[in-house]
Structure formats: C-alpha cells, structure tokens
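Everything below concerns the one structure shown next.
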Amino acid sequence: MKAVCTNFRSHVESVEFRTDIKSSGAEAPKDSAKPASGTESADDGADSPVKKEGRDPAKKQAKNPGHMIILNGSMRNKDGNSARFAGVLRTRLRGRIGASAEIIDLKDNMKDMEALADDLAAADKLIFCVPLYVDGLPSQVIRLMEIMESKPAGPHKIYVLANMGLYESSQMVNLFSAVKQWCERCGYEYCGGLGISAGELIGALMKTMPFGWGATKRASISMTVFAEAILSGRAADDLYAEPHMFPRSWYIKIANSGWDRMAKQNGLSPEDLYRKPEPAEADVSIGTAVAPDGLNADVASHAETGPTAAAAAADPEPAEGTGTAAEAYLEGIRPVTAEHAARYGEIYAAAFSGEPWNDPWDPKDAEIHVRELLESKQSYGLEYVLDGKVAGFILGTSMLFHYGRVFEINDLAVDPACQGRGIAKTLLERCLTEMKKRGMAGVNLITEAEGFLPGFYEKYGFSREDRVILMGKEL
Ligand SMILES: Cc1cc2nc3c(=O)[nH]c(=O)nc-3n(C[C@H](O)[C@H](O)[C@H](O)COP(=O)(O)O)c2cc1C
C-alpha cells in the first residue's frame with residue numbers, strides 16, 4: 001500500500017481493515033457470507049458455509065494425474081501480460097516428454113464458473129497465472145476460488161505465476177500468502193509462486209524481443225526454475241523477478257511520462273495532474289493565480305511592486321548526437337512553490353553568474369528576487385524536478401494591456417550541473433502551452449541581444465521587437 005502511494009507521489013491518509021464486510025452482491029456467490037479468500041480475515045473457517053468434507057485433503061482427489069492447467073486470470077484475456085507469461089510457461093513445461101499444459105482463460109468461462117471449477121478440479125497441477133490487483137488477486141479469480149472451495153474434489157498442487165505493474169516484486173508476497181491460506185483451507189498443496197514485477201514493461205518487451213533478452217532476463221531465468229519445480233512436482237520457494245539491468249528510477253521516469261501524454265489527450269496540461277481538489281489559500285496565490293480573463297483589481301499594484309529587470313538564463317539544448325529527449329529525464333514538472341524559494345534563488349544565482357551573464361549574484365538576494373515574484377498574484381511558474389531535486393524553474397507575471405493580458409517571462413534558469421538536458425526547453429514549452437490555454441494575448445521576455453539566447457527563443461516563435469527599446473538609467 002505504501003509503495004503504491006509512493007509511486008503515485010501520494011500519501012496514505014487512513015487504512016481500515018474490516019472483517020465484518022460481506023462479499024459484494026456482484027462478485028460473491030449467492031450463498032456466500034464469508035469474506036473473500038484474498039482478504040485479511042480473522043475467520044478460521046469455523047463458521048463458513050463451505051461443507052466440512054471440502055477441507056479434507058484426502059477427498060480432494062485429482063481425476064487426471066499429470067494433467068497441468070494454466071489458468072489465465074487476467075480480464076485482459078488473451079491480450080494481457082498474463083497471457084504472454086502463460087504462453088512462455090506452457091512452452092517451458094513442454095520440455096519433458098509427455099508433459100503438456102493446457103491454458104484456460106477465465107474471462108471466456110465467466111458465464112459458467114461452476115463448470116470451470118469442475119474442469120480445474122480434474123487437473124493434477126493448477127497454475128494460477130494472474131495480475132496483481134490492489135495488492136491482491138483479481139475479484140473474478142477470488143470468486144472462482146470460492147466456488148472451487150465448495151467443491152469436494154480439486155487439483156493436487158497449486159502454483160502461482162503473478163505479474164504486477166509496479167517495480168517492487170516483493171509486494172507480491174500478499175497475493176502469494178492469500179493463495180497459501182486458501183490452499184490450507186481447501187486442502188490443496190501450495191507449491192510456490194513466481195512474481196514478476198514491471199509487468200507492463202516486460203510484457204511490452206516480449207512483443208519485440210525474445211523472452212530472456214535485456215530487461216526480461218531475470219524473469220526468464222526465474223521462469224525456467226519455476227517450470228522445473230512444476231515438472232518435478234516439488235514445492236519450491238516463492239520467486240521474485242524484477243527487470244534485469246533496468247533501474248527503478250528509469251522505470252518511474254518512463255511510467256510518469258505516460259501520465260503527461262494522457263493529460264494532453266484529455267485536454268489537461270501536465271501540471272493539472274498536481275492540482276489538489278481543494279487547494280489551500282496559500283497555493284492559490286502562488287503559481288496558479290493568473291486570472292484567465294485578466295480582470296483582476298490587483299494588476300495595478302503588481303505593476304508597482306514587481307521587479308522588471310530579470311531575464312532568462314536558458315541552458316543550451318542537448319548536444320547533437322546525445323539523442324536524449326527532455327522527456328526521458330523527466331521526473332516531474334509542476335507548479336512553483338514558495339517552499340522552494342531558497343532553491344530557486346540558489347539556481348538563479350548559479351545560472352546567472354555563468355556565461356553569458358557573469359552577474360555576481362548572492363544566492364540570498366536571488367532568493368528575495370524570486371520570492372517577490374512568487375508573491376505577486378499574477379505570477380505563474382513551473383519547476384523541473386530531476387532525481388528528486390529542483391533542477392530549474394520558469395517564473396513570470398502577467399499584465400493587462402488594452403489589447404489583452406500579456407505574460408512576461410521574468411526568470412528561466414537551470415542549475416548549471418543539470419544543463420544540456422533540454423530542461424529549459426521543456427519548461428518554456430509547457431509555459432507557452434499553458435499561457436495559450438489561459439488566453440494570454442502574448443508572451444514577452446527580455447534577454448541578451450548577443451550569444452545563443454536570441455536563437456534559442458526564436459525557435460519558439462519569439463521575434464525581436466523593433467518598435468520598442470529597453471531604456472535604463474543609472475542612479
Ligand atoms: C484494477 C487494477 C489494480 C491494480 N493494482 C496493482 C497493484 O496493487 N500493484 C501493482 O503493482 N500493479 C497493479 N496493477 C497493475 C497490473 O498488475 C499490471 O498492469 C499487470 O501487468 C496487468 O497484467 P495483465 O495484463 O495480465 O492483466 C493493477 C491493475 C489494475 C487494472
């Protein structure tokens with residue numbers, strides 16, 4: 001549960017375990033009043049409606065010794081990752097003369113679970129091939145297990161081949177223990193499980209390369225060990241396989257980039273994903289407070305207090321040949337927050353004290369500079385988080401003119417240690433998209449006349465304004 005929340009950058013507010021809930025009408029067999037087999041329960045079965053003889057191992061005789069069935073328990077049926085893993089397992093089980101395994105898809109047999117349970121009861125070895133759903137078994141599989149539990153006969157040996165979305169395969173332990181408890185209850189022999197994590201990645205790779213190559217290597221090796229255990233009929237320890245040579249941080253970065261794409265498809269900007277249902281007062285005034293219609297009484301006061309002398313210290317785009325899009329490095333792009341003002345000041349001072357600016361900024365002054373902008377009700381900004389640390393930010397304010405509201409990018413700065421990865425480009429693109437969405441008439445900025453910066457901004461449609469000049473006077 002904690003890991004699921006961590007991966008979704010969320011937190012657990014409360015967790016409630018209850019043993020007094022009856023199975024929902026939709027999923028539970030009509031006569032069942034006991035908790036689902038896959039849930040935590042203090043129930044030892046004493047008050048279960050299951051017939052007592054159903055728990056006697058001696059009475060659970062397989063009709064067909066040697067017969068192996070792989071049950072695909074995924075509701076994605078033949079298109080799912082479970083189906084792919086089931087296919088590979090069946091191939092590995094063919095390794096021995098006379099051995100063969102049949103794959104049965106649960107989804108195709110939902111209408112007559114009783115008949116399915118009878119078919120499964122005829123197997124000597126039954127392999128549940130299932131996805132992990134909410135730290136447990138899919139409800140349809142639980143329903144089938146409940147029906148099997150009520151049958152007088154059943155398969156001798158039970159194995160589990162489970163796959164999951166997240167990276168940490170150890171999370172599979174709950175699913176395995178649910179099946180173990182069910183086996184004890186039914187009188188079946190639990191003979192071991194194989195938990196494959198990052199199922200979506202491994203499943204996708206299996207479509208494009210032989211199983212056993214690249215990140216799929218560990219899953220493949222574990223599958224061989226698992227198949228051997230099944231063939232020999234011995235009970236084995238549970239196995240856990242994570243992607244080979246594919247660190248968790250890569251997996252998270254790739255997985256999160258999908259959210260941005262989906263947000264776009266749904267007419268949202270990626271930063272909308274970070275919106276809180278009921279933002280606190282303080283959040284409203286920082287970063288997201290540009291009124292779309294611009295008719296805000298505070299505009300004039302901002303013009304008096306807001307600093308105007310800042311400009312943009314962009315990092316150059318990725319070097320030719322690195323072939324690395326900014327998205328590949330993306331860990332998070334989200335609205336700026338006053339809590340990070342000190343870090344913004346640090347980045348700002350570091351970025352502007354380098355080429356082409358060479359400005360001797362004191363980070364403390366830079367922090368004040370940023371804070372003043374953040375405090376403006378018309379400010380809007382985004383930060384870019386790389387490896388858990390703010391690596392850059394874009395910040396500006398909007399002003400109302402007779403032709404509409406115009407956004408001015410006051411600061412665009414990237415930590416020199418993180419430059420060359422396209423972070424400025426990503427921040428600028430996002431900011432321009434958002435400003436368009438908010439109905440801005442235009443976006444302005446002041447930057448160095450020479451060097452790479454004019455060319456950098458020209459790529460995004462900015463052009464030099466020749467009707468106005470920036471005038472200044474030293475005091
Ligand atoms: C309703 C639902 C709940 C899920 N819960 C989890 C979970 O708790 N932990 C996890 O790692 N993956 C979870 N997943 C992801 C699936 O386990 C993962 O996508 C898996 O590869 C799907 O396998 P399949 O294609 O065989 O259905 C969940 C998926 C769904 C649809």
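The values are calculated or read from the model by the stated rules, or taken from the named source; none is laboratory data. For clarity, every value in this text was computed on a predicted model and none was experimentally measured. Reconstructed Cβ throughout: ideal geometry from the backbone, glycine too, with neighbour counts over all protein chains shown.
When region 146-173 is filtered for residues that are closer than 21 Å to Phe85 by Cα, of a type in the set (Val, Ile, Thr) and away from the ligand (no atom under 16 Å from the Cβ), only Ile158 remains. Each residue in region 411-458 was checked for being more than 26 Å from Ser257 (Cα to Cα), of a type in the set (A, V, I, L, M, F, W, C) and assigned to a helix (DSSP H, G or I), and 1 of them qualify.
Just to be sure before I move on: is Arg92 within 12 Å of the ligand (Cβ to nearest atom) and either of a type in the set (D, E, K, R) or modelled with pLDDT under 95 (or both) in the structure I sent?
On the way: within 12 Å of the ligand (Cβ to nearest atom): no; either of a type in the set (D, E, K, R) or modelled with pLDDT under 95 (or both): yes.
No.
The residues of region 169-194 that are more than 24 Å from Ser232 (Cβ to Cβ) and touching a Lys or Arg at 6+ places or on another chain (Cβ under 8 Å) amount to a single one, Arg185.
Being more than 15 Å from Asn444 (Cα to Cα) and in the same structural domain as Pro356 (by TED's automatic domain parsing): is that true of Val406 here? Spell out the reasoning first.
Working: more than 15 Å from Asn444 (Cα to Cα): no; in the same structural domain as Pro356 (by TED's automatic domain parsing): yes.
For Val406, the condition - more than 15 Å from Asn444 (Cα to Cα) and in the same structural domain as Pro356 (by TED's automatic domain parsing) - is not met.
For region 95-126, filtered to residues that are among the charged types (D, E, K, R) and under 13 Å from Ser232 (Cα atoms), the residue that is modelled with the highest pLDDT is Lys125. Pairs only if they're at least six apart or on different chains, beta carbon under 7 angstrom, first in region 139-166 and closer than 12 Å to Glu114 by Cα, second within 16 Å of the ligand (Cβ to nearest atom); list them, first residue then second. Matching pairs, first to second residue: Arg143/Glu27; Leu144/Leu106.
Of the residues contained in region 124-145, one or more are found to be within 13 Å of the ligand (Cβ to nearest atom) and at positive phi.
Taking the criterion of being of a type in the set (A, V, I, L, M, F, W, C), more than 20 Å from Arg76 (Cα to Cα) and within 31 Å of the chain's Cα centre (by Cα), the only residue of region 114-173 that qualifies is Val173. Can you confirm whether region 209-219 contains a residue that is in the same structural domain as Asp119 (by TED's automatic domain parsing), free of Cβ contacts under 8 Å to residues at least 60 places away in the same chain, more than 17 Å from Ala83 (Cβ to Cβ) and basic (Lys, Arg)? Yes, some residue in region 209-219 is in the same structural domain as Asp119 (by TED's automatic domain parsing), free of Cβ contacts under 8 Å to residues at least 60 places away in the same chain, more than 17 Å from Ala83 (Cβ to Cβ) and basic (Lys, Arg).
Every residue in region 181-203 that is in a helix (DSSP H, G or I) and more than 22 Å from Ala101 (Cβ to Cβ), please.
So the first thing to find is which residues in region 181-203 are in a helix (DSSP H, G or I), and the list is 181-186, 199-203.
Answer for region 181-203, where residues must be in a helix (DSSP H, G or I) and more than 22 Å from Ala101 (Cβ to Cβ): Gln181, Glu184, Arg185, Glu200, Leu201.
Residue by residue, here is whether (1) among the hydrophobic types (A, V, I, L, M, F, W, C); (2) modelled with pLDDT of 95 or more holds:
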position	(1), (2)
Val160	yes, yes
Gln171	no, no
Leu175	yes, yes
Cys183	yes, yes
Gly187	no, no
Tyr190	no, yes
Gly195	no, yes
Ala198	yes, yes
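I'd like the full set of residues that are hydrophobic (A, V, I, L, M, F, W, C) and over 30 Å from Glu429 (Cβ atoms), limited to region 226-278. Scanning region 226-278 gives Phe226, Ala227, Ala229, Ile230, Leu231, Ala235, Ala236, Leu239, Ala241, Met245.
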